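Take a look at the structure below.
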Amino acid sequence: MDRETRVFAESHFRGLEGRLPSRVCLKLDRVDFIEKPDSFSYADFFKGYLLPNLPCVFSSAFTEDWGSRRLWVTPSGKPNFDYLLQNYGDVVVPVANCGVQEYNSNPKEHMPLRDYISYWKEYIQGNYSSSRGCLYLKDWHLCRDFSTEDVFTLPIYFSSDWLNEYWDALDVDDYRFVYMGPTGTWSPFHADIFRSFSWSVNICGRKKWFFFPPGQEDALRDRHGGLPYDVTSPSLLDSRLHPTRDGCGPPLEVTQEAGEMVFVPSGWHHQVHNLEDTISINHNWVNGCNLANMWHFLQQELRAVQQEVIEWRDAMPDWHHHCQVIMKSCSGINFEEFYHFLKIIAERRLLLLAKGMSPGQAEGGADTGLGPQQAAFDIGRIAEVLESVVVHPDFQRVDTSTFSPRPEVLLQQLKEAVAATTSL
């Protein structure tokens with residue numbers, strides 16, 4: 001990030017005055033296609049898509065040197081089952097059954113990759129049908145368990161990735177996934193975890209995306225307030241079931257070709273269908289641009305939990321603590337862990353500024369080229385959100401006596417750093 005981009009971004013957030021961007025339905029009729037890597041900079045992406053929270057598609061030229069596009073794919077453009085079996089055949093992978101609805105998702109099982117590929121081959125031979133259903137390999141943490149040096153290269157546009165930086169620091173998990181499945185596999189209507197951004201690259205195959213800008217999903221709710229499972233279902237046209245459906249415009253539709261890369265903005269609900277046998281690599285990520293969205297989402301999640309168990313509030317000792325425990329079980333994070341997430345990213349940025357290093361050089365990592373301006377911007381965003389966290393009544397009920405540093409101390413350090421980097 002250069003200084004001009006940082007000033008632009010800070011002005012953008014000052015204009016919001018701590019509020020989230022409007023959820024007014026945007027009148028978009030297309031998703032931009034970015035064709036040439038040489039003429040599209042990090043600043044172009046940051047100003048044109050990341051800050052305004054708009055989707056875009058990058059051409060296959062951005063991923064043409066990826067090892068997976070060469071090794072995982074046959075000369076005819078199909079999945080290279082032989083290579084995948086040779087290198088990952090014994091790995092146990094999660095597999096969803098697209099033909100079975102479980103709430104607004106699909107039930108999952110685990111099996112060795114070789115068993116899934118055996119199923120996939122039989123599915124193709126059976127004219128894309130099987131008594132076992134339509135099975136989709138989803139959320140395989142390949143990057144967590146294997147070197148990805150010959151698989152992909154992280155695009156510079158997505159390098160400011162706090163979510164995976166945090167989990168890498170803890171060395172326990174990540175939000176980097178491989179998806180693969182035959183024609184007809186699909187992902188139901190959803191918005192990404194924690195209101196993260198995501199990016200998705202087709203290693204081979206084609207996908208059809210249906211995008212809805214933030215706010216439009218509310219018009220799709222049924223009479224009980226539930227979101228749809230499948231936005232292509234004819235039942236969505238029944239006004240008795242979906243009385244506010246007419247308040248939602250048509251989705252933005254994108255057909256993603258092999259090698260192309262889709263940027264999914266924060267809070268955009270979407271549904272995705274594989275039009276061919278497809279393999280994709282996907283990352284969820286959070287940074288200073290959608291951190292406030294994440295914090296807002298976590299507050300909503302806690303309120304939902306509290307509402308579910310409100311009848312036991314007076315009878316249950318430590319009711320507020322139990323709500324946090326339930327929230328973490330359901331959402332994967334609670335207020336305490338959110339603070340630790342902010343703390344780890346903040347301390348790394350403070351250290352980088354103190355050493356005059358770029359964020360990508362921390363602890364021996366490769367240089368992302370984002371530089372000290374990015375670190376200064378990140379600190380400002382963390383300070384603003386942490387200021388909201390520390391005054392939240394439910395966070396004030398969290399026992400922070402063992403936190404180091406205490407939230408108020410970290411916030412003061414960040415405020416001092418913001419003041420010191422004004423002229424950076």
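The values are calculated or read from the model by the stated rules, or taken from the named source; none is laboratory data. Because the structure is predicted, anything quoted here is derived from the model rather than measured. Don't worry about glycine lacking a Cβ; one is built from the backbone with ideal geometry, like all the others, and counts go over all protein chains shown. For accessibility, only protein heavy atoms count, side chains too; no ligands or nucleic acids. Shrake-Rupley method; radii C 1.70, N 1.55, O 1.52, S 1.80 Å.
Some notes on this structure:
- Number of the exception - residue 75 against (1) over 20 Å from residue 278 (Cβ atoms); (2) free of Cβ contacts under 8 Å to residues at least 24 places away in the same chain; (3) over 20 Å from the mean Cα position of the chain (by Cα): (1)
- Within region 63-74, the set of residues being open to solvent by less than 30 Å² (accessible area, probe 1.4 Å) and touching a strand residue (DSSP E or B) at 6+ places or on another chain (Cβ under 8 Å) comprises 63, 66, 68, 72, 73.
- Test: residue in region 136-148 that is among the aromatic types (Phe, Trp, Tyr), assigned to a loop (DSSP other than H, G, I, E, B), under 17 Å from residue 280 (Cα atoms) and open to solvent by 30 Å² or more (accessible area, probe 1.4 Å): yes
- When residues in region 120-132 are screened for being free of Cβ contacts under 8 Å to residues at least 40 places away in the same chain and surrounded by fewer than 17 Cβ atoms within 10 Å (Cβ to Cβ), 7 of them pass.
- Across region 1-55, the qualifying residues are those that are polar (S, T, N, Q) and in a helix (DSSP H, G or I), and the one among them that is least open to solvent (accessible area, probe 1.4 Å) is 5.
- Residue match in region 13-35 (condition: touching a Lys or Arg at 6+ places or on another chain (Cβ under 8 Å) and over 24 Å from residue 143 (Cβ atoms)): yes
- Residue within region 159-179 that is in a strand (DSSP E or B) and surrounded by fewer than 16 Cβ atoms within 10 Å (Cβ to Cβ) present: no
- Some residue of region 85-106 being in a helix (DSSP H, G or I), in contact (Cβ under 8 Å) with a residue 24 or more places away in the chain and assigned by the TED database to the domain that holds residue 153: yes
- Criterion: surrounded by fewer than 19 Cβ atoms within 10 Å (Cβ to Cβ) and closer than 27 Å to residue 116 by Cβ - qualifying residue of 203, 193: 193
- Test set (1) farther than 30 Å from residue 13 by Cα; (2) in a helix (DSSP H, G or I); (3) open to solvent by 10 Å² or more (accessible area, probe 1.4 Å) - residue 323 fails condition number: (3)
- Taking the listed residues 213, 265, the one that is touching a Cys at 6+ places or on another chain (Cβ under 6 Å), of a type outside the set (D, E, K, R) and buried (at least 22 other Cβ atoms within 10 Å of the Cβ) is 213, with no other qualifying.
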